[in-house]
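Only one structure is covered here, and it is reproduced in the block below.
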Amino acid sequence: MAWRNDDLILFHGCSDQSLRPQNPAGIAVGMAAHGINPLMGAKKPDFGPGFYTTTWFDQARSWANLRVRKLAKRSPGARAVVLQIDMRRNDLADLEALVFTNERVGYWPFVRYCRQGGSPHARTGVPQTAYDVVYGPVSLGRQEFIVKDSDQVSFHTSGSVARIPMVTIAAIGNPLL
């Protein structure tokens with residue numbers, strides 16, 4: 001079969017509390033002007049502050065359900081949401097990217113650096129400018145283990161987020177099954 005350069009389908013797990021119109025500063029779905037802010041998430045995740053996605057729907061669903069469980073006391077009616085993003089691979093091609101194909105070479109030092117809140121990660125010679133996109137395995141909490149067959153694609157700059165064409169809702173529920 002010939003290579004067709006198909007879209008890269010990404011998923012993001014969250015709660016409906018982070019979507020418009022419930023949250024005016026949230027993500028607008030079904031619109032090209034989606035309002036994603038890469039600095040709004042956790043401050044010290046695996047690859048530093050950013051907008052995190054995965055190529056695996058089940059993983060995003062798990063993240064969405066976890067988010068809703070954490071919100072249960074504060075927002076008892078919160079619903080789990082999986083967003084879908086269809087990215088053209090060519091739209092990612094000229095971004096500054098860092099890719100970890102596995103956890104064996106350089107992954108753990110980079111994750112430790114980001115989790116400690118180090119200054120923005122960047123290529124050598126490009127100070128204080130974060131990589132646009134980082135791809136790699138998903139770690140298991142604060143332990144140095146990875147989740148088998150999982151991945152994360154994180155967007156760290158306004159330029160990379162601007163490449164996201166549109167966000168749609170792939171699933172919504174309480175919880176998502």
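Examine the range 82-94 for a residue that is within 24 Å of I27 (Cα to Cα), modelled with pLDDT of 95 or more and part of a loop (DSSP other than H, G, I, E, B), and state whether such a residue exists. Looking through the range 82-94, none of the residues is within 24 Å of I27 (Cα to Cα), modelled with pLDDT of 95 or more and part of a loop (DSSP other than H, G, I, E, B).
Suppose we filter the range 118-177 for residues that are among the hydrophobic types (A, V, I, L, M, F, W, C) and over 21 Å from T55 (Cβ atoms); how many remain? Spell out how you get there, then give the answer.
Step one: of the range 118-177, the residues among the hydrophobic types (A, V, I, L, M, F, W, C) are 122, 126, 130, 133-134, 138, 140, 145-147, 153, 155, 161-162, 164, 166-167, 169-172, 176-177.
Retained after the next criterion (residues that are over 21 Å from T55 (Cβ atoms)): 122, 126, 130.
Residues meeting the conditions: 3.
Does A78 count as assigned to a helix (DSSP H, G or I), farther than 20 Å from R142 by Cβ and in contact (Cβ under 8 Å) with a residue 12 or more places away in the chain?
Numbers: assigned to a helix (DSSP H, G or I): no; farther than 20 Å from R142 by Cβ: yes; in contact (Cβ under 8 Å) with a residue 12 or more places away in the chain: yes.
So A78 does not fit the description; no.
Annotation note: of F47, F51, F11, the sole residue that is within 22 Å of D132 (Cα to Cα) and either touching a Pro at 6+ places or on another chain (Cβ under 9 Å) or among the β-branched types (V, I, T) (or both) is F51. Restricting the range 45-72 to residues that are touching a helix residue (DSSP H, G or I) at 6+ places or on another chain (Cβ under 9 Å) and more than 14 Å from S154 (Cα to Cα) leaves a set whose member that is modelled with the lowest pLDDT is L71.
Any residue in the range 121-139 that is in contact (Cβ under 8 Å) with a residue 60 or more places away in the chain, touching a Cys at 6+ places or on another chain (Cβ under 8 Å) and more than 16 Å from C14 (Cβ to Cβ)? Yes, the range 121-139 contains a residue that is in contact (Cβ under 8 Å) with a residue 60 or more places away in the chain, touching a Cys at 6+ places or on another chain (Cβ under 8 Å) and more than 16 Å from C14 (Cβ to Cβ). From the set of residues in the range 148-158 that are surrounded by 13 or more Cβ atoms within 10 Å (Cβ to Cβ) and over 18 Å from K43 (Cα atoms), which is farthest from the chain's Cα centre (by Cα)? Once the filter is applied, the top-ranked residue is S150. Among the residues making up the range 107-120, a single one is closer than 25 Å to V147 by Cα, without any contact (Cβ under 8 Å) to a residue 60 or more places away in the chain and exposed (fewer than 12 other Cβ atoms within 10 Å of the Cβ): P109.
The values are calculated or read from the model by the stated rules, or taken from the named source; none is laboratory data. Just so you know, these numbers come straight off a predicted model, no measurement behind them. Cβ: placed from backbone, ideal geometry, glycine included. Neighbour counts: every protein chain shown.
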